[in-house]
Amino acid sequence: MALYRQVDVNILDKIGDKPILPWPAFSKEEFRLAIINCNNSSTSGPDKLSWSHLKIILKDDDCLDIIISIANACIELGYWPSYFKRSTTIVIPKPNKKLYNSPKVFRPIVLLNTVGKLIEKVIGERLQFNMASNKFIHPS
């Protein structure tokens, strides 16, 4: 006999609506702050662009403006280009295994395009800031 507690699914109806917030255009500062802590030694994805290369590219304001335009267009259109979805998977053997004859002893790592990862990082940081500053998430 299974014991369970019936949960009131209408509890969500009791939560008041929050105002719809506008999504302002991305700033150069957001992108520059997001890329600072990216590891230069990490492996590049299908675009063959490393973080160290992207850091150099983004020092040029014109190049940064183009990437910001792409990011803003993605948000405005609600579309994520297939180019950013492409990935390469590499398989790394786990250390200290006696035999490598089972799939469990390997670790797959998925590598995505670096520009897409940067845009996702900036979006994630903005969402996290907005969620915390507007008290959408309980502090605990």
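Here is the size of the chain from its Cα atoms: Rg then Dmax, 21.0, 67 Å.
Please go through the residue pairs 59/135; 28/48; 97/121 and name each one whose alpha carbons sit more than 26 Å apart in this structure.
Values: 59/135 34 Å; 28/48 23 Å; 97/121 34 Å.
Those over the limit are 59/135; 97/121.
Using the Karplus relation 6.51 cos²θ - 1.76 cosθ + 1.60 with θ = phi - 60°, the per-residue 3J(HN,Hα) values for region 121-128 come to 4, 5, 4, x, 5, 5, 4, 4 Hz, with x marking Gly and Pro. Full extension of the chain segment joining residue 76 with residue 131 gains 17.8 nm, where the gain is 0.36 nm per residue of separation less the Cα-Cα distance.
For residue 45, the residues 5 or more places off, or on other chains, whose built amide H falls under 5 Å of its own are 114.
Across region 46-56, computed HN-Hα scalar couplings (Karplus, 6.51 cos²θ - 1.76 cosθ + 1.60, θ = phi - 60°) run x, 7, 6, 9, 8, 4, 5, 5, 5, 4, 5 Hz from first to last residue, x flagging Gly and Pro. Projected label points at residue 66 and residue 36, each 7 Å from Cα along the beta carbon direction, are separated by 2.6 nanometres.
Between residue 85 and residue 48, how high is the FRET efficiency from 1/(1 + (r/R0)^6) when r is the Cβ-Cβ distance and R₀ = 22 Å? Nearest 0.05.
The pair residue 85/residue 48 has a calculated efficiency of 0.85.
Taken one residue at a time, the phi angles of region 110-116 give Karplus couplings (6.51, -1.76, 1.60, θ = phi - 60°) of 9, 10, 9, 5, 5, 5, x Hz. Gly and Pro are set to x.
Values quoted throughout were computed directly from the atomic coordinates according to the rules given, and no laboratory measurement underlies them. As the structure is a prediction and not an experimental result, all values here were calculated from the model. Cβ coordinates were reconstructed from backbone atoms using ideal geometry, including for glycine residues, and neighbour counts include every protein chain displayed.
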